[in-house]
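The structure appears right after this line, and notes come after that.
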Amino acid sequence: MQTDHFYSGLTVLDDFPAVTDLTNYRELPENWHVVVADIQNSTGAIQSGLYKAVNILGVSVITSILNVTKPLAIPYIFGGDGATLCIPDHLIPQARQALIGTKILADFEYNLHLRVGIVPISIIKQAGLNVLVARHRMSGYFFQAAFSGGGIEYAENLIKDSNNGSLYRLGRAPEGSVADLSGLECRWDNVPSKRGEIISLIVKAIAPSIEKEAAIYCEIIKKVHDIYGNDDQCRPVYADGLRMTFNGKKLSHETKVRTFARGRQVYVMHWLLIRLQNVLGWLFMTCRLNVGGVPWGNYKNDLVKNTDFKKFDGMLREVLSGTPEQREKLKNYLEERFRKKECVFGIHSSDSALITCLINNRSGDHYHFIDGANGGYAMAATAMKHRLKSLYPNRSG
């Protein structure tokens, strides 16, 4: 229990490139575990038009775990088609039920297989790897975790391993398990790029040590900044681009996950509620009213600041607004490093960004998970894996 506040006690980094400095990291405590979740065959689901379902299930995993661990601060990262979190061992029973409930939701509502598992840090260390954790500030409310040490990737590969991961994967469970997904919202329309396109970028450095990997990541982050500009220039979400949606199909995702297994009447009530709240939200924000202690005139600007558009979990992940010319310049640079076997990467371009939200309160404590439309991170990951396979044809995982 004395390690519960490990994450909240970490020094906060205000500069994103600082995540490449290994001295800013601390080891995950011995009594903590890594939680892994991802959609099996997410590429196929996306190609079938279920990219929004893939995204909302990834955020559902995060929401379900945070709702059983609060008020404890824990490190986590959204991966587009899944999520990774770390939790202390005494919260394993509650986390297990939350994961099983989310897994059942994915199966029954979307016919998607959500792989979930819990890996002790001791198992990761036995493999000669570690989970190093840092914490950087995205805004006054939103603190983003960063991971290094190779342990997160090992845990993810272990859960996906059909032969060796069965000890840590959670199997099919009784149908009565229901996750608490309160706070999860999906009410914004896609945000169009103000510069021509949105890219979802994933880069994995290749080096004989994590120190040399960190040096490569530092150089690549600097190059991305040189090409795409500062945060205000490349951030994929901006206040003038935010529009609440009244599209029934888009709003149905929130209604499905928030009312799962609670009956038709609850479903209809939520269906009506989010439409009423959207009307009121539009009115309050447009008129810049202060209602319920919320300065609604600031809400969009707070949302923009509270987005996870850049992160590091042993790989660099960014969603950026830019031009096709900028994308080509970045791709040429990364191709050159790929030919030198210094990294593998994937880039997926689209015309807009998706937003899935987690609302604790509307006065500032709300977080917004960003991905590119039409597959985003998941499609970028597929491209990255193809490049990795071309370098190491016999490598698994």
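Every number in this text was worked out from the coordinates using simple rules, so none of it is lab data. As the structure is a prediction and not an experimental result, all values here were calculated from the model. Don't worry about glycine lacking a Cβ; one is built from the backbone with ideal geometry, like all the others, and counts go over all protein chains shown.
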Item to check | Cα-centred dipole magnitude for segment 12-182, charges only on beta-carbon of K, R (+1) and D, E (-1), debye, nearest 20 | outcome: 180
Checklist entry - When the chain is modelled as a GNM with alpha-carbon springs shorter than 10 Å, which of SER60, SER352, SER162 fluctuates the most? => result SER162
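With a ≥ b ≥ c the root eigenvalues of the C-alpha gyration tensor of segment 110-155, is it rounded (a/c under 1.5), prolate (a/b larger than b/c) or oblate?
Working: a/c = 3.24, a/b = 1.14, b/c = 2.85.
Since a/c reaches 1.5 but b/c is at least a/b, the shape of segment 110-155 is classed as oblate.
For the chain, which DSSP H helices look membrane-span-like by this rule: Cα extent along the axis of 27 Å or more and mean Kyte-Doolittle of at least -0.5?
On the way: long enough: 51-69 (28 Å, 1.27); 264-286 (33 Å, 0.69).
Correct list, ordered by number: 51-69, 264-286.
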Next on the checklist: Quick check on packing: order 276-287, 81-92, 380-391 by the mean number of other C-beta atoms within 10 Å, highest mean leading.
Outcome noted: 81-92, 380-391, 276-287
Checklist entry - For segment 12-182, what percent of Cα pairs sit more than 29 Å apart? => result 18
Next on the checklist: Could you work out how much longer the chain between LYS223 and THR286 gets when fully extended? Use 0.36 nm per residue separation minus the Cα distance between them, nm to one decimal.
Outcome noted: 18.8 nm
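Where in segment 295-353 are there trypsin sites (Lys or Arg not before Pro) that are in a DSSP coil and have at most 15 other Cβ atoms within 10 angstrom of their Cβ? Could the numbers behind the result be given before it?
Numbers: sites: LYS300, LYS305, LYS310, LYS311, ARG317, ARG327, LYS329, LYS331, ARG337, ARG339, LYS340, LYS341; in loops: LYS340, LYS341.
Loop-located and lightly packed - LYS340, LYS341.
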Checklist outcome for this item: Charge dipole of the chain built from unit charges on the beta carbon (Lys, Arg +1; Asp, Glu -1), centred at mean Cα; most positive-end Cα among TRP32, PHE260, ASN230 is PHE260
Next on the checklist: Give me the extension gain from THR43 to ARG264: residue separation times 0.36 nm, minus the current Cα-Cα distance, reported in nm with one decimal.
Outcome noted: 76.4 nm
Item to check | Relative contact order (%) - the chain, alpha-carbon pairs under 8 angstrom, separation at least six | outcome: 22
Item to check | Loop-resident sites, segment 226-269, for chymotrypsin sites (Phe, Trp or Tyr not before Pro), counting at most 15 other Cβ within 10 Å (DSSP) | outcome: PHE246
Checklist entry - What's the extension gain from ALA215 to HIS90 if we count 0.36 nm per residue and subtract their Cα-Cα distance? => result 41.3 nm
Checklist entry - Rounded, prolate or oblate: which fits segment 178-286, taking a ≥ b ≥ c as square roots of the Cα gyration tensor eigenvalues, rounded meaning a/c under 1.5, else prolate when a/b beats b/c? => result oblate
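With a/c under 1.5 counting as rounded, go ahead and sort segment 50-139 into rounded, prolate or oblate using the C-alpha gyration tensor (a ≥ b ≥ c being the square roots of the eigenvalues; past the cut-off, prolate if a/b is larger than b/c, else oblate).
Here segment 50-139 falls in the prolate category.
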Checklist entry - From the residues ILE159, ILE220, SER182, which one has its Cα farthest along the dipole of segment 153-272 in the positive direction, the dipole being from +1 and -1 charges on Cβ of Lys/Arg and Asp/Glu about the Cα centre? => result SER182
Item to check | Net dipole in debye of the chain [+1 Lys, Arg Cβ; -1 Asp, Glu Cβ; about Cα centre; nearest 20] | outcome: 740
Next on the checklist: Suppose R0 equals 41 Å. What FRET efficiency, 1/(1 + (r/R0)^6) with r the Cβ-Cβ distance, do ASN361 and LYS389 give to the nearest 0.05?
Outcome noted: 0.35
Checklist entry - How about segment 310-380: which chymotrypsin sites (Phe, Trp or Tyr not before Pro) there are in a DSSP loop, with at most 14 other Cβ atoms within 10 Å of their Cβ? => result none
Next on the checklist: How many angstrom lie between the Cα centre of segment 210-259 and the Cα centre of segment 114-141?
Outcome noted: 22
Checklist entry - When the chain is modelled as a GNM with alpha-carbon springs shorter than 10 Å, which of GLY372, GLY297, GLY149 fluctuates the most? => result GLY297
Item to check | Distance-filtered residues of segment 352-373 - backbone nitrogen under 19 Å, label point 7 angstrom along ASN301 Cα→Cβ | outcome: 362-368
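Starting from the coordinates of the alpha-carbon atoms of the chain, obtain the Kirkwood hydrodynamic radius over all distinct pairs and give the value in Å to one decimal. Write down the numbers at each step before the final one.
Numbers: mean 1/r = 0.0468 Å⁻¹.
After inverting the mean inverse Cα-Cα distance, the result is 21.4 Å.
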Checklist entry - Taking the simple approach of a point 7 Å from Cα along Cα-to-Cβ for both SER182 and ARG243, what is their distance in nm? => result 3.4
